[in-house]
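Undergrad: Following this message is one structure expressed as structure tokens.
The values are calculated or read from the model by the stated rules, or taken from the named source; none is laboratory data. For clarity, every value in this text was computed on a predicted model and none was experimentally measured. For neighbour counting, all protein chains shown are included, and Cβ atoms are generated from backbone atoms with ideal geometry for every residue, glycine included.
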Amino acid sequence: MGKIKVTKRKLKKENKTPSHSESAAKLLPAKISGIQLQKKNKNRFSLFVEDQFLIGVSDSVLTKHHLSKGVEITPFLLDQIIKDEENWAAREYMFRLLGRRIHSKQELKTKALKKGFSADYLDDIILELENKDYVNDLEFAHKYAADKFKFNNWGPYKIKAYLFKKGIHKATIEQALNSVFAPDKVESTLRKLVLKKKSRFLRTAEEKRSKKLFDFLMRKGYDSDSILRQLDKLLELIKK
């Protein structure tokens, strides 16, 4: 999967609609009278028409539209620049999210929509990220399942439910779960869960202990067949 440099800084508040000067826009069509590198962001430039600030653009948008001093900006071109700036901002936001941790495609889209980015271009950006291997739902599902099993002792049913919520397809979930849940690992995890709660189960009347143990393991996401196969051994483990 493509690597993205991790940053510990908080995600900046995004500007979904690039700000531009309405008064300068009224001068259009007009030629660019100046371009200045922004002091606080070395990847962005300020465009001026008739020596009035018009709009700030990224270096990629500047290059895409061949913007330089003397190039004429029309109202139509300004609209295109604004749309490309929105697209650029959404892409940068997703890269920052991916720099913090791996995300599913649906997670990226949901977070971007909550930030106010338009759905019109999000799918295209996510497809681009997927094609470049920055986003991989199978890798995400495998890591999520492995982490929840290892650190939270979740069973496959609980993990499956949460992966569905994150927009992962059923076939991808099954593939990830099959690679994580080996029978011997499930058995050892059930034992670990029971030992961790042993004192609690000992306080339960013996005739009710079986049901309480079964319900507890079901809530952790394990299937009834796996639990029932080990139930007698687990009950004996509590007594020791």
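Undergrad: Being part of a helix (DSSP H, G or I) and either among the β-branched types (Val, Ile, Thr) or touching a Ser or Thr at 6+ places or on another chain (Cβ under 7 Å) (or both) is the filter here, so list the residues in region 53-65 that pass it.
TA: Val61, Thr63
Undergrad: From the list Phe149, Phe164, which one is among the aromatic types (Phe, Trp, Tyr), surrounded by fewer than 17 Cβ atoms within 10 Å (Cβ to Cβ) and outside the structural domain of Gln230 (by TED's automatic domain parsing)? Outline the logic, then answer.
TA: On the way: Phe149 fails: surrounded by fewer than 17 Cβ atoms within 10 Å (Cβ to Cβ).
Every option except Phe164 fails the conditions.
Undergrad: Regarding Ile227, is this residue β-branched (Val, Ile, Thr), in contact with a Phe, Trp or Tyr (Cβ under 7 Å, 6 or more places away or on another chain) and touching a residue at least 40 places away in the same chain (Cβ under 8 Å)?
TA: Taking the combined requirement at face value, the residue does not satisfy it.
Undergrad: Check region 51-62 and report whether any residue there is free of Cβ contacts under 8 Å to residues at least 40 places away in the same chain, of a type in the set (A, V, I, L, M, F, W, C) and touching an Asp or Glu at 6+ places or on another chain (Cβ under 7 Å).
TA: yes
Undergrad: Which is over 29 Å from Arg101 (Cα atoms), in contact with a helix residue (DSSP H, G or I) (Cβ under 7 Å, 6 or more places away or on another chain) and surrounded by 12 or more Cβ atoms within 10 Å (Cβ to Cβ), of Arg209, Arg229?
TA: Result: Arg209 is the single residue among Arg209, Arg229 that is over 29 Å from Arg101 (Cα atoms), in contact with a helix residue (DSSP H, G or I) (Cβ under 7 Å, 6 or more places away or on another chain) and surrounded by 12 or more Cβ atoms within 10 Å (Cβ to Cβ).
Undergrad: Run down Lys220, Lys185, Lys208, Lys212 and say which single residue is of a type in the set (Lys, Arg), free of Cβ contacts under 8 Å to residues at least 60 places away in the same chain and within 30 Å of Lys105 (Cβ to Cβ).
TA: On inspection, the qualifying residue turns out to be Lys185.
Undergrad: Same structure, new question: Counting only residues that are crowded, with 16+ Cβ neighbours inside 10 Å, of a type in the set (Gly, Ala, Ser) and outside any loop (DSSP other than H, G, I, E, B), how many does region 216-226 have?
TA: 1
Undergrad: Another question about this same structure. For region 182-223, give me each residue that is of a type in the set (Gly, Ala, Ser) and in contact with a Leu (Cβ under 9 Å, 6 or more places away or on another chain).
TA: Ser210
Undergrad: Looking for something within 16 Å of Ile227 (Cβ to Cβ), modelled with pLDDT under 95, assigned to a helix (DSSP H, G or I) and not small (Gly, Ala, Ser) - is there at least one such residue anywhere in region 169-183?
TA: So far as region 169-183 goes, yes, one or more of its residues are within 16 Å of Ile227 (Cβ to Cβ), modelled with pLDDT under 95, assigned to a helix (DSSP H, G or I) and not small (Gly, Ala, Ser).
Undergrad: For region 29-87, which positions are within 30 Å of Leu113 (Cβ to Cβ), β-branched (Val, Ile, Thr) and touching a Phe, Trp or Tyr at 6+ places or on another chain (Cβ under 8 Å)? Spell out the reasoning first.
TA: Within region 29-87, the subset within 30 Å of Leu113 (Cβ to Cβ) is 38, 40-47, 54-65, 67, 75-87.
Restricting the remaining residues to those that are β-branched (Val, Ile, Thr) gives 55, 57, 61, 63, 81-82.
If the condition is that a residue be within 30 Å of Leu113 (Cβ to Cβ), β-branched (Val, Ile, Thr) and touching a Phe, Trp or Tyr at 6+ places or on another chain (Cβ under 8 Å), then Val57, Val61 are the ones that fit.
Undergrad: Restricting attention to region 116-141, report how many residues are over 13 Å from the mean Cα position of the chain (by Cα) and surrounded by fewer than 19 Cβ atoms within 10 Å (Cβ to Cβ).
TA: The total comes to 13.
Undergrad: Moving on. Taking Ser104, is it farther than 30 Å from Arg229 by Cα, surrounded by 13 or more Cβ atoms within 10 Å (Cβ to Cβ), in contact (Cβ under 8 Å) with a residue 40 or more places away in the chain and in contact with a Gly (Cβ under 8 Å, 6 or more places away or on another chain)? Outline the logic, then answer.
TA: On the way: farther than 30 Å from Arg229 by Cα: yes; surrounded by 13 or more Cβ atoms within 10 Å (Cβ to Cβ): yes; in contact (Cβ under 8 Å) with a residue 40 or more places away in the chain: yes; in contact with a Gly (Cβ under 8 Å, 6 or more places away or on another chain): yes.
When the stated conditions are applied, Ser104 passes them.
Undergrad: What pairs can you find where one residue is in region 65-88 and in the same structural domain as Lys115 (by TED's automatic domain parsing), the other is among the basic types (Lys, Arg) and outside any helix (DSSP H, G or I), and their Cβ atoms are less than 9 Å apart, with a gap of 6+ or different chains?
TA: Lys69/Lys31; Gly70/Lys31; Val71/Lys31; Glu72/Lys31; Ile73/Lys31; Glu86/Lys16
Undergrad: Looking for whichever is more than 29 Å from Phe164 (Cβ to Cβ), more than 17 Å from the chain's Cα centre (by Cα), part of a loop (DSSP other than H, G, I, E, B) and at pLDDT 95 or above here; the options are Ser33, Ser68, Ser46. Which one fits?
TA: Ser68
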